[in-house]
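First the structure, in the form of structure tokens, and then the observations on it.
Coordinate-derived values only; no laboratory data. Remember, predicted model here, so these are calculated numbers, not experimental data. Because the Cβ atoms are built from the backbone with ideal geometry, glycine has one as well, and the counts that use them run over all protein chains shown.
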Amino acid sequence: MADRLHDNALIAALERAPSGGPAWLDALRDEASRTVRESGLPGRKTEAWRFTPVGDLVALPFEQAPAPAPATTGRRAPETAPGGRPGDDGTWRLRVEGGRPRLDLAGAAPAGVVVRSIAEVLAAPDDPLAAPLREHLGRLAPATHFSALNTALFEDGVVLHLAKGASAAAPVHLVYAPASSATDGPPTVAYPRVLVLAEQGSRLTLVESFPAGSASPDGPSCGDEPAGESAPRHLDNLVTELVLGPGARVDHIRVHEAPDFVISRTIVREARDAHYTSRVVSLAGALMRADLHVLLDGPGAECELDGAYVAGGRDKLDHHTLVEHRSPHCTSRQNYRGVLDDKALGVFDGIVIVHRDAQKTEAHQENRNLLLSASATVHTKPHLEIDADDVICTHGATVGSLDEDQLFYLRARGLDEATARAILTYAFVRSVVDDIGLQPLRDRLARALLHRMPEGEALEEMTA
Amino acid sequence: MLKIENLHASVGGKPILKGVDLEVNAGEVHAVMGPNGSGKSTLAYVLSGRDGYEVTKGSVTYAGKDLLAMPPELRAAEGVFLGFQYPVAIPGVSNVYFLKAAVNAIRKHRGEPPLDAIEFLKLVRERSKLVELDPELAKRQVNVGFSGGEKKRNEIFQLAMLEPKLAILDETDSGLDIDALKIVSKGVNAVRGPERAMIVITHYQRLLDHIVPDFVHVLIDGRIVKSGDRTLALQLEEEGYAEVRSEAV
Ligand SMILES: Nc1ncnc2c1ncn2[C@@H]1O[C@H](COP(=O)(O)OP(=O)(O)OP(=O)(O)O)[C@@H](O)[C@H]1O
Ligand SMILES: [Mg+2]
């Protein structure tokens, strides 16, 4: 196994790492390459990866997705283009295929936000975004393991820029999908990369989704069956970095519905009085690992990190959070809820670090899990490290089953057992979705969540 | 309508009901009284089919069918309603959402088409008025943050929505002030009728001034030790259970 972690298709690809970019980027890539070659991929002996079984993944002969053929016939009208069609969930969609944003398929970005391809900005040294890209890309936290692979190997990605005081007119929705040519052939890997620069006082809602029917350009459609029993053959290894200026607010929604491998790392740095919310909804994944690292770097910064995961079959849904309070008067709240059925595995590993000078910190962390099957597994590890003395911190974790009193109450009113269980299960996780401000998106996610419940369809019919 | 014969039941291996006999006909209201821990709620739970309440002997026939063979939801669909002594809060589930599911599940069982949203909301408005339940409470999560009295009123609201044939009300009066008691009784009386029957469990004669029973039974140590008309309730209020207890021995 130790050999496999150093000697596999993902690491071998470092031989062909892109170079000849700006010197700063080449240096960054070299360092990332060195890091991951030395450490190898993380196995069970790496504490933070102890419960994340990467075995299936490192055995596969991944090939990096080839560049999709650009739409040379010119821009399609936004109404018909699959990439940037104004979605029926009220978001402005940009398809990211095999790591490459299909701006050629998208209509104009919403007012208030500039959306660019990273490759394009890198190719034009006098681009107004070239300097901010150099300043922030890969700089928020040291790259490790999979995020180091991304840094060494990404070929393109998305930069979002919001000028001081700007407010995006519509949510930006990045839809990750394998390159469309990758429907057969060897397993593919993509390294999407996203950098969000939200300057002082700006506002953005960012949605990132890994849809179920990812090969279809129409993106997710609710009620999709999981993609059968076929073995997963695509890996998205995503790094998303967000830099929030003073007073900036970013609402970030992440949806995992793809049945394949998704490994992602999100790093957020918040300046004074910035506000970041993250809602992660994870409904499928052969191996879905999401790391979310928030740096509260200025007084008064706040973050709310909520997650709902519903795992069935052999899904492995793995959420890690790390919140660092590095300034006084910051607040963090975390609430992750999980439902695990069949032979599924769920992991919640949350760390809150309160640095010495971060007095008047308020930090709350809660993880609750519902086990619906005796063969399902959950590991929950909430964890606080506090070096300041004037702080309010709470944390807790529970693993349980449905409440018998509630179940009987519903049945005594005429609901059959399966429906009663579905209602209670849905009630357990729905708050994460209910808090999403954008109604069409909230409705779509509520439906997706409902359909993941046993008897979910009957439930929808009865209550519609 | 309901015939209970020599019913024995245990909870967690401990015998609680030790031979209950009771017959309830359509149109009748039966009050069941008795000291704390005598088995009144146990009887209500056994009749509504709660897990963990094990019938060890005896039978219960409801509308000619073996009630004990049915799961709780089937009993509800057949018209049995339990008003809980301690209604449970269900965070994340709205009152109307769950009631709509319940109403339509019961209608489906009866072969009736489901109510659409408009018909349903009309019914909610009408019935919440009956028990003077704030329509805002109807929209809230089931019993979450409700006061004791609001929870009981919500039980009667559900009773009015579901229109059962046999209602078992377990201490619906406890925790109610005088005004609320009148309102709740008004709601209960509104659903009384020649086709319906009721078992009213209570500690207080006061409730029976408003919901006038046809029969009063005294349950002590898992047995009905005395039955009579409404004057028995008055007598109990005067004398307590000591008298009936000694008579029973
Ligand atoms: N789950 C249980 N496990 C063990 N004993 C139980 C359980 N539930 C009830 N009992 C016991 O059964 C007996 C009857 O309880 P029950 O709740 O039926 O009484 P009750 O007549 O309704 O009393 P009250 O007037 O206080 O409501 C009591 O002794 C109680 O402690
Ligand atoms: Mg009782």
Q. Considering only the other residues whose Cβ falls under 11 Å of the Cβ of residue A:360, what net charge follows from Lys and Arg at +1 and Asp and Glu at -1?
A. -4
Q. Which percent of Cα pairs goes in each bin when the distances of chain A are cut into 20 angstrom slices starting at zero?
A. 25, 60, 15, 0
**Q.** Hull volume in cubic angstrom per residue (convex hull over the Cα atoms of the stretch A:291-390)
**A.** 67 Å³
Q. Which ³J(HN,Hα) values, rounded to whole Hz and listed in residue order, are derived for the stretch B:111-118 from phi using the Karplus coefficients 6.51, -1.76 and 1.60 in 6.51 cos²θ - 1.76 cosθ + 1.60 with θ = phi - 60°, glycine and proline given as x?
A. x, 9, x, x, 6, 7, 4, 6
Q: Give the long-range amide H neighbours of residue A:378: residues separated by 5 or more places, or on another chain, with amide H under 5 Å away, using H modelled in the peptide plane at 1.01 Å from N.
A: A:346
**Q.** Net dipole in debye of the protein assembly as shown [+1 Lys, Arg Cβ; -1 Asp, Glu Cβ; about Cα centre; nearest 20]
**A.** 400 debye
Q) Hey, rough spin-label estimate for residue B:57 and residue B:221, points 7 angstrom out along Cα→Cβ, what's it come to in nanometres? A) 1.5 nm
(Q) Between the stretch B:35-74 and the stretch B:133-160, how far is it from one alpha carbon centroid to the other, in angstrom? (A) 26 Å
Q) Short version: ³J(HN,Hα) in whole Hz for each residue of the stretch A:300-313, in order, from phi by Karplus 6.51 cos²θ - 1.76 cosθ + 1.60 (θ = phi - 60°), x for Gly and Pro, what are they? A) x, 5, 9, 9, 10, 10, 10, x, 10, 10, 10, 10, x, x
Q. What FRET efficiency, computed as 1/(1 + (r/R0)^6) with R0 = 30 Å and r the Cβ-Cβ distance, is obtained for residue A:392 and residue A:50, rounded to the nearest 0.05?
A. 0.50
Q. Taking amide H positions as placed 1.01 Å from N in the peptide plane, with prolines and chain starts having none, which residues 5 or more places from residue A:281, or on another chain, fall under 5 Å of its amide H?
A. A:254, A:255, A:256, A:308
Q) What number in nm² do you get for the stretch B:2-248 if you take the convex hull of its Cα atoms and divide its surface by four? A) 13.1 nm²
Q. What are the ³J(HN,Hα) values, in whole Hz, obtained from phi via the Karplus relation 6.51 cos²θ - 1.76 cosθ + 1.60 with θ = phi - 60°, for each residue of the stretch A:428-438 in sequence order, with x given for Gly and Pro?
A. 5, 9, 5, 4, 4, 7, 4, 7, 6, x, 7
(Q) I'd like the mean, over residues of B:111-117, of how many other protein chain beta carbons sit within 10 Å of each residue's own Cβ. (A) 1
(Q) Straight-line reach only, C-alpha to C-alpha below 26 angstrom: list the lysines that residue A:381 could link to, leaving out same-chain residues fewer than 8 apart. (A) A:45, A:316, A:343, A:360
Q. What is the set of long-range amide H partners of residue A:241 at a cut-off below 5 Å, with H atoms built 1.01 Å from backbone N?
A. A:194, A:195, A:196, A:267
Q.
I'd like the mean, over residues of A:420-433, of how many other protein chain beta carbons sit within 10 Å of each residue's own Cβ.
A. 3
Q: Under a 10 Å cutoff between Cα atoms, tell me which one of B:170, B:66, B:116 has the largest fluctuation in the Gaussian network model of chain B.
A: B:116
**Q.** Convex hull projection area averaged over all views, the stretch B:1-139, Cα basis, nm²
**A.** 10.2 nm²
**Q.** Two-decimal Rg to Rh for the stretch A:344-446 - Kirkwood Rh, Cα set
**A.** 1.09
(Q) Taking 0.36 nm per residue of sequence separation and subtracting the Cα-Cα distance, how much length would be gained by fully extending the chain between residue A:443 and residue A:401, in nm to one decimal? (A) 12.5 nm
Q | Neighbour net charge for residue B:129 - beta-carbon separation under 14 angstrom, K R +1, D E -1 | A | +1
Q | Shielding score for B:94-105, defined as the mean number of other chain Cβ atoms within 10 Å | A | 5
Q: Report the one residue of A:33, A:141, A:313 whose Cα lies farthest in the direction of the positive end of the charge dipole of the protein assembly as shown (charges on C-beta: Lys and Arg +1, Asp and Glu -1; origin at the Cα centre).
A: A:313
